[in-house]
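Working notes for the structure below.
The values are calculated or read from the model by the stated rules, or taken from the named source; none is laboratory data. Computed from a predicted structure; not experimentally measured. We place every Cβ from the backbone using ideal geometry, glycine too, and count neighbours over all the protein chains shown.
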Amino acid sequence: MTPLEEVTAALRATLGADRVVTDRQELRTYECDGLAHHRVVPGLVVLPRDARECALTVRACARAGVPFVARGSGTGLSGGALPHAEGVLVVTSKMRDIVELAPRDERAVVEPGVINLHVTKAAAAHGYYYAPDPSSQQICSIGGNVAENSGGAHCLKYGFTANHVLGAQIVTPDGDLVELGGRAPDTPGYDLLGAFVGSEGTLGIATRVTVRLTRLPESVRTLLAAFPTTDEAGAATSAIIAAGVVPAAIEMMDALAIEAAEAAVACGYPRGAGAVLIVELDGPAAEVAAQFAQVTAMCEENGAFELRIAGDEAERALFWKGRKSAFAAVGRISPDYIVQDGVIPRTALPEVLRRIGEVSRAHGVRVANVFHAGDGNLHPLVLFDAATDGETDRAETVSGAIIDLCIEYGGSITGEHGVGTDKAKYMPRMFTGDDLETMHLLRCAFDPAGLANPGKVFPTPRLCGEVPRRHAATDPPAAAEIF
Amino acid sequence: MRRRTAGSDDHVAGVPARYVAAPASTGEAAEVLGAAAADELAVVIRGGGTKLEWGLPPRRLDLIVDTHRLTGVVEHAAGDLITVVRAGTALAALDFGPQRLALESPLPGATVGGALAANTSGPRRLLHGTARDLVIGMTVVRPDGTVTRSGGKVVKNVAGYDLGKLFTGAYGTLGLITECAFRLHPVAPAGAVVLREADGPEVGPLLAAIRAEQVVPSAVELDRPGPGPATIAVLLEGTAEGVRERAARLEKVLGGTTGDLPPWWGAYPWAPGGTGVKLTAALSRVPELLAAAPEVPVRGSAGAGVLYAAPTGDVPRTVELLRAAAVRAGGHAVVLTAPPEVRDAVDMWGPVPGLDLMRRVKDRFDPGHRFAPGRFVGGI
Ligand SMILES: Cc1cc2nc3c(=O)[nH]c(=O)nc-3n(C[C@H](O)[C@H](O)[C@H](O)COP(=O)(O)OP(=O)(O)OC[C@H]3O[C@@H](n4cnc5c(N)ncnc54)[C@H](O)[C@@H]3O)c2cc1C
């Protein structure tokens, strides 16, 4: 028996045949996540019903030395949930219970497969919601959010998943269940929870997550402002931040992104706009009213030629519809596209957009820009037609050049989609060998055998080695040389 | 770089050091720690020295690395709301004009590095979070002298492991923090404080009422100086119009009055040399912490589920009571600091989940167990 066959037999026996998928056709449905051009059919898929079954699965893998990959809803955009051909894909889609809703403690405890938006829906009746709101929130899982440290349009004001996860029960790569953090803040000891969030499934599997619930704001006001070019929209953004206003969201789209959104969802943005900003303020009504006037004035002063203020929830939804559907929408104007995710210091926005324009023209590849303008998180959409000779390569060149720009301007190779399979190769451009080695020390503490989601995040496979023998506390050295 | 043999003041919780080094840059720090590694020296980092009496004494100590020359603001990018600061800089010395680093130290003289290593926090943690929520990048020299960086200078960034969170609250057991990047927050143009005196049974409903009201406080603090009523103080910040309206509303809901920041604001309730305990609980169960030892002075960020207690008298017995209450309430009781006789008689850290994983982390980062050995949880 191969190690994988051993695991399969063991899990059939302990969990039951219905938890285990071996049918080739069915396995194929799990071959990729949202980054569909990377495909690997998993060796085995397991669908645990609870933490215990999850732990048994991982333990079986550990015993046989078989790699395992966690998967939530498979919406990841960096190939983080790309399966291993000789490994087990542990899918959390049967772990979807909201275990506890405790609005009095402003907490909810959920299983990892719970859909992001479902937490908000459950909490809304109590006047609360779950703040991190990735555009994929109708389908992505909390476990996936934890692994990616996902953000959303509103993280400018409210922070990312890391700021909203208070505790997690995890299965370590040995198959042990361990509690990190908890319902109360500041758990003593190392902040392993903080290190786990954003670790992309390489430190274990989250089996239960305690999240913070946030009070629904009393007032929300949304503004759509149209500008002649992205320069004016960028200047307006800078003015808002410089005035000390922290909107819940500031989102920008350029002409090409607007064109795509119009084609896809007819969002009816102002005609002739070279850029639009969606600015949303939320909070106490009196506070929002005062700041909204400020923001409107700053958009006008910086060249907005049309301002629309959402009069009701339906109008607000329409403003957001164009933005939230932007990724899929470019499918209407281009047969293929790459969704890039990079970060620059926000103040460098106009300059970097100009440089992206230059790269795009030089290679004859169109780039549509959608971004979280408030925090400098760019989502350039690189358009191409794979059927045309050489276009795929050119698009990849442009996409890579954009990442180089992010690094050149002191930003990051990823703001929210993660490193995964896709960006591991860029890690050495952002971090030194020593930086990566240090991150790897953490990985080795959790997973010395390297079985948890191998091949992700780190550019080259590394072995952990033994923990060096500890020196017994000897007598202090006679003379410390440099002192 | 300055280095010298230790003087009579160079001890950590009573354990004398043999040498002191004061590097002035990350490079110099790497040189010192590399040499210390070669000689297998036991090392404790010293910032402002305000928390050297915290935790347990080191099992052994050869070298104190002092950060007082590792100071200054490297960068303040106002338009990007970020700063990069050297770890030995005093928190109180930071001035970003219309912006602020929302990391407030209860102890005057504390450095950035020390506040991070001990994970201290102040009243504004309710709105802006704690160190872990503010740090966006960190440069650390590992115990073997390797310089390593994680995160970056942009607020949004998920490239690689977020090691800044691991070093925050690690009590200097994993390496020397030399430089940090933080996100900043704008200073609000206006503020108001709403005060309300409350008897024990009133505290829970009042805290719940503040949470239910749409006033988004920056801080909800509480002080109970001893037996008798407590004072709840709520800080509201924002635009002048907004703050006026919110304060009026809160006054009405609480039956409180608008006043000044009370003198106890943001300070620990214990005197130097006394026992200080940090208590945490699920938000709705904070009143149980107050009820557990009604005679003990208690103060802190009640709105965030964090209180500090200053037990006197039979301290070990009181710690037991407080710890039992905190654990029942979903939290922890950690004795942050205590005189030697109390330190010997109590379990300073209490139960810590995930200790085995923590030991494995320590083994990887500091295989010789030379950095602040024994100061941290589980003898780490
Ligand atoms: C249209 C669209 C819009 C998007 N918009 C955003 C956005 O605005 N912001 C944003 O941040 N992201 C966005 N994403 C990316 C994606 O939705 C997020 O990364 C999301 O968190 C992934 O969740 P998932 O459940 O689909 O995880 P998966 O794709 O299944 O997995 C993602 C990673 O998490 C790991 N993982 C999954 N579950 C667990 C677990 N229980 N324990 C440990 N590791 C686990 C996997 O191994 C993998 O590495 C978008 C994606 C799409 C398709």
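Is at least one residue of segment A:218-230 among the hydrophobic types (A, V, I, L, M, F, W, C) and under 24 Å from the mean Cα position of the chain (by Cα)?
The first filter runs over segment A:218-230 and keeps only residues among the hydrophobic types (A, V, I, L, M, F, W, C), leaving A:220, A:223-227.
Of the ones still in play, those that are also under 24 Å from the mean Cα position of the chain (by Cα) are none.
Within segment A:218-230 (the criterion being among the hydrophobic types (A, V, I, L, M, F, W, C) and under 24 Å from the mean Cα position of the chain (by Cα)), the answer is no, since none of the residues qualifies.
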query: Has segment A:103-111 got any residue that is assigned to a loop (DSSP other than H, G, I, E, B), within 14 Å of chain B (Cβ to nearest Cβ) and either in contact with a Cys (Cβ under 7 Å, 6 or more places away or on another chain) or more than 13 Å from the ligand (Cβ to nearest atom) (or both)?
result: yes
query: Restricting segment B:16-56 to residues that are hydroxyl-bearing (S, T, Y) and within 30 Å of B:G276 (Cα to Cα), which is farthest from the other protein chains (Cβ to nearest Cβ)?
result: B:T50
- request: Name the one entry in A:G331, A:G357 that is within 13 Å of the ligand (Cβ to nearest atom), on the phi < 0 side of the Ramachandran plot and surrounded by fewer than 17 Cβ atoms within 10 Å (Cβ to Cβ).
  value: A:G331
task: Count, please, the residues in segment B:273-303 that happen to be without any contact (Cβ under 8 Å) to a residue 60 or more places away in the chain and among the small types (G, A, S).
output: 4
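Conditions (1) modelled with pLDDT under 95; (2) in a helix (DSSP H, G or I); (3) in the same structural domain as A:D341 (by TED's automatic domain parsing); (4) not basic (K, R), marked per residue:
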{"position": "A:I278", "(1), (2), (3), (4)": "no, no, yes, yes"}
{"position": "A:L281", "(1), (2), (3), (4)": "no, no, yes, yes"}
{"position": "A:T296", "(1), (2), (3), (4)": "no, yes, yes, yes"}
{"position": "A:E300", "(1), (2), (3), (4)": "no, yes, yes, yes"}
{"position": "A:E315", "(1), (2), (3), (4)": "yes, yes, yes, yes"}
{"position": "A:L318", "(1), (2), (3), (4)": "yes, yes, yes, yes"}
field: segment A:409-466: number of residues that are surrounded by fewer than 19 Cβ atoms within 10 Å (Cβ to Cβ), among the β-branched types (V, I, T) and at the interface with another protein chain (Cβ under 8 Å from one of its Cβ atoms)
entry: 1
field: Cβ-Cβ under 7 Å pairs, at least 6 apart or on other chains, segment B:365-376 side at the interface with chain A (Cβ under 10 Å from one of its Cβ atoms), far side of a type in the set (D, E)
entry: B:G368/B:E40; B:R370/B:E40
- prompt: Somewhere in segment A:410-422, is a residue at pLDDT 95 or above, assigned to a helix (DSSP H, G or I) and not assigned by TED's automatic domain parsing to the domain that holds A:T57?
  reply: no
- request: Can you give me the number of residues within segment A:55-73 that are buried (at least 24 other Cβ atoms within 10 Å of the Cβ) and within 8 Å of the ligand (Cβ to nearest atom)?
  value: 4
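Between A:L177, A:L193, which is surrounded by fewer than 24 Cβ atoms within 10 Å (Cβ to Cβ), touching a residue at least 12 places away in the same chain (Cβ under 8 Å) and more than 30 Å from A:R308 (Cα to Cα)? Walk me through how you get there before you give the answer.
Numbers: A:L193 fails: surrounded by fewer than 24 Cβ atoms within 10 Å (Cβ to Cβ).
From the options A:L177, A:L193, the qualifying one is A:L177.
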message: Just checking, does segment A:282-289 include any residue being within 23 Å of the chain's Cα centre (by Cα), among the β-branched types (V, I, T) and either under 25 Å from B:K156 (Cα atoms) or buried (at least 17 other Cβ atoms within 10 Å of the Cβ) (or both)?
response: no
- line: In segment A:381-400, residues that are in a helix (DSSP H, G or I) and surrounded by 20 or more Cβ atoms within 10 Å (Cβ to Cβ) total 3
task: Can you confirm whether segment B:147-163 contains a residue that is more than 10 Å from every other protein chain (Cβ to nearest Cβ) and of a type outside the set (D, E)?
output: no
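Kindly establish whether A:R12 is surrounded by fewer than 19 Cβ atoms within 10 Å (Cβ to Cβ), in contact with a Leu (Cβ under 9 Å, 6 or more places away or on another chain), of a type outside the set (A, V, I, L, M, F, W, C) and in a helix (DSSP H, G or I). Walk me through it before giving the result.
Numbers: surrounded by fewer than 19 Cβ atoms within 10 Å (Cβ to Cβ): yes; in contact with a Leu (Cβ under 9 Å, 6 or more places away or on another chain): no; of a type outside the set (A, V, I, L, M, F, W, C): yes; in a helix (DSSP H, G or I): yes.
Taking the combined requirement at face value, the residue does not satisfy it.
Out of curiosity, is A:L117 modelled with pLDDT of 95 or more, closer than 26 Å to A:V419 by Cα and either in a helix (DSSP H, G or I) or basic (K, R) (or both)?
On the way: modelled with pLDDT of 95 or more: yes; closer than 26 Å to A:V419 by Cα: yes; either in a helix (DSSP H, G or I) or basic (K, R) (or both): yes.
So A:L117 passes the test.
For every residue, the table says whether it meets (1) free of Cβ contacts under 8 Å to residues at least 40 places away in the same chain; (2) within 14 Å of chain A (Cβ to nearest Cβ); (3) surrounded by 23 or more Cβ atoms within 10 Å (Cβ to Cβ).
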| position | (1), (2), (3) |
| --- | --- |
| B:A77 | no, yes, no |
| B:D80 | no, yes, yes |
| B:Q99 | no, yes, no |
| B:P108 | no, no, no |
| B:V112 | no, no, yes |
Qualifying positions in segment B:126-166 - touching a His at 6+ places or on another chain (Cβ under 8 Å) and more than 25 Å from B:A304 (Cβ to Cβ): B:V158
statement: Selection over segment A:74-88 where residues are farther than 16 Å from A:D422 by Cβ and either modelled with pLDDT under 95 or within 9 Å of the ligand (Cβ to nearest atom) (or both) yields a count of 0
message: Being of a type in the set (K, R), over 30 Å from A:V245 (Cα atoms) and in the same structural domain as B:T89 (by the TED database) is the requirement here; does B:R132 meet it?
response: no
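Tell me which residues, restricted to segment A:368-380, are part of a helix (DSSP H, G or I) and facing chain B (nearest Cβ under 10 Å). If you could, list the steps in order and put the result at the bottom.
Start the filter on segment A:368-380 by keeping residues that are part of a helix (DSSP H, G or I), which leaves A:373-375.
If the condition is that a residue be part of a helix (DSSP H, G or I) and facing chain B (nearest Cβ under 10 Å), then A:G374, A:D375 are the ones that fit.
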query: Do we find that A:V40 is more than 14 Å from every other protein chain (Cβ to nearest Cβ), within 14 Å of the ligand (Cβ to nearest atom), modelled with pLDDT of 95 or more and assigned to a loop (DSSP other than H, G, I, E, B) in this structure?
result: yes
message: Can you confirm whether B:P316 is in contact (Cβ under 8 Å) with a residue 24 or more places away in the chain and within 30 Å of A:E466 (Cα to Cα)?
response: no
query: Which ones in segment B:138-183 are among the hydroxyl-bearing types (S, T, Y) and either over 20 Å from A:G410 (Cβ atoms) or free of Cβ contacts under 8 Å to residues at least 12 places away in the same chain (or both)?
result: B:T146, B:Y161, B:T168, B:Y171, B:T173
- prompt: Hey, A:R271 hits all of (1) touching a residue at least 12 places away in the same chain (Cβ under 8 Å); (2) more than 14 Å from A:L156 (Cβ to Cβ); (3) not aromatic (F, W, Y) but one; which does it fall short on?
  reply: (1)
query: Given (1) farther than 28 Å from A:T202 by Cβ; (2) buried (at least 24 other Cβ atoms within 10 Å of the Cβ); (3) among the hydrophobic types (A, V, I, L, M, F, W, C), where does A:L378 come up short, assuming only one miss?
result: (1)
query: Among the residues of segment B:274-292, is any under 17 Å from B:L321 (Cα atoms), away from chain A (no Cβ under 14 Å) and surrounded by fewer than 16 Cβ atoms within 10 Å (Cβ to Cβ)?
result: yes
field: Residue among A:P83, A:P112, A:P132, A:P42 that alone is under 21 Å from A:V209 (Cα atoms), in contact with a Phe, Trp or Tyr (Cβ under 7 Å, 6 or more places away or on another chain), outside the structural domain of A:A249 (by TED's automatic domain parsing) and in contact (Cβ under 8 Å) with a residue 12 or more places away in the chain
entry: A:P132
